[in-house]
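Enquirer: Okay, here's the structure, questions in a sec.
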Amino acid sequence: QVHLVESGGGLVQPGGSLRLSCAASGSIDSINTMGWYRQAPGKQRDLVAVITSGGNTNYAASVEGRFTISRDNAKNTVYLQMNSLKPEDTAVYYCHLRKLYTYYWGQGIQVTVST
């Protein structure tokens, strides 16, 4: 099994910044894809950003230029630096890991952007 532990969420004002972290443990292959998804109430879970073990990245158009995903392979940890946050970024953010045909999810962490 793979376990994902998220941290760094909370309340921030519009225009502010947050940094999310997700540490993976367990039966982790060296080749994998990690990333972040988010889900607002009443909406589907959507891709935010993903990064491969080789460093290739992909971003949702709504966050590109504001968010940056990175990873530390030695620590099996993925990060999401979120800048210029908007109220529409408010959601539960889920860490994700994929090993070929197997998928794992974190428990989710709340991010609220509000005055």
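The values are calculated or read from the model by the stated rules, or taken from the named source; none is laboratory data. Quick caveat, the model's predicted, so the values are computed rather than measured. Cβ placement follows ideal geometry from the backbone for every residue including glycine, while neighbour counts extend to all protein chains displayed. For the accessible areas, the whole protein counts, side chains as well, though only heavy atoms, and no ligand, DNA or RNA atoms are used. Shrake-Rupley method; radii C 1.70, N 1.55, O 1.52, S 1.80 Å.
Enquirer: Considering only residues that are of a type outside the set (Ser, Thr, Tyr) and either in contact with a Phe, Trp or Tyr (Cβ under 7 Å, 6 or more places away or on another chain) or surrounded by 13 or more Cβ atoms within 10 Å (Cβ to Cβ) (or both), which ones fall in region 59-73?
Expert: Within region 59-73, 60, 63, 66, 67, 69, 71, 73 qualify.
Enquirer: Which residues, counting only those in region 1-22, are under 14 Å from the mean Cα position of the chain (by Cα) and crowded, with 17+ Cβ neighbours inside 10 Å?
Expert: 4, 6, 9, 18, 20, 21, 22
Enquirer: With the requirement that a residue be open to solvent by less than 50 Å² (accessible area, probe 1.4 Å) and farther than 24 Å from residue 29 by Cβ, what does region 86-103 give you?
Expert: Answer for region 86-103, where residues must be open to solvent by less than 50 Å² (accessible area, probe 1.4 Å) and farther than 24 Å from residue 29 by Cβ: 89, 90, 91, 92.
Enquirer: Give the residue, chosen from 32, 76, 83, 56, that is under 26 Å from residue 1 (Cα atoms), of a type in the set (S, T, N, Q) and either exposed (fewer than 15 other Cβ atoms within 10 Å of the Cβ) or out of contact with any strand residue (DSSP E or B) (no Cβ under 6 Å at 6 or more places or on another chain) (or both).
Expert: Being under 26 Å from residue 1 (Cα atoms), of a type in the set (S, T, N, Q) and either exposed (fewer than 15 other Cβ atoms within 10 Å of the Cβ) or out of contact with any strand residue (DSSP E or B) (no Cβ under 6 Å at 6 or more places or on another chain) (or both) holds for just one of 32, 76, 83, 56, which is 56.
Enquirer: Check off (1) without any contact (Cβ under 8 Å) to a residue 60 or more places away in the chain; (2) open to solvent by less than 30 Å² (accessible area, probe 1.4 Å) for residue 43 and give me the number that stays unchecked.
Expert: (2)
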